[in-house]
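Rule-based calculations on the coordinates, nothing more; no lab input. Keep in mind that this is a model prediction, so the values were computed, not measured. Don't worry about glycine lacking a Cβ; one is built from the backbone with ideal geometry, like all the others, and counts go over all protein chains shown.
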Amino acid sequence: MLELLEEKISELLAKYQDLMEEKEKLLSALKEEREKRLEIEKKMELLSQDRERVKMRIDQLLQRLKGIDL
């Protein structure tokens, strides 16, 4: 009876250790994904700013063209 209990406890401890290792791996993967997301968000912001600058330049050029008598 005592041997069975010891065996079950050993199995539970091994399972617990496996779960803790899996948790650490998942936390590490989550951290990496968050860092990637932040990098993508920064790139998107830069692209948005570039798009706005291009839009403003096009608007300026169109205004200049409107001012020319054809």
### Message
I want to verify the translational diffusion coefficient of region 5-50 in µm²/s; compute it with Stokes-Einstein, Rh as the Kirkwood radius over Cα pairs, at 25 °C and 0.890 mPa s.
### Response
184 µm²/s
#### Entry: Signed unit charges on C-beta, dipole axis of region 24-70, positive-most listed residue Leu38, Met56, Leu26
Met56
### Query
Once you charge only the Cβ atoms, +1 for Lys and Arg and -1 for Asp and Glu, what is the size of the charge dipole of the chain about its Cα centre, to the nearest 20 debye?
1020 debye
### Degrees between helix 2-67 axis and first principal axis of the chain (Cα, 0 to 90, nearest 10)
0 degrees
### Query
Rounded to the nearest 500, what is the chain's calculated 222 nm mean residue ellipticity when only DSSP H runs of at least 4 contribute -39500 (n - 2.57) each, over all residues?
-36000 deg cm²/dmol
### Query
Stretched out fully, how many nm does the piece from Lys25 to Glu6 gain, at 0.36 nm a residue minus the Cα gap?
4.0 nm
### Task
Subtract the Cα-Cα distance of Leu65 and Lys42 from 0.36 nm times their separation in residues, and report this length gain in nm to one decimal.
4.8 nm
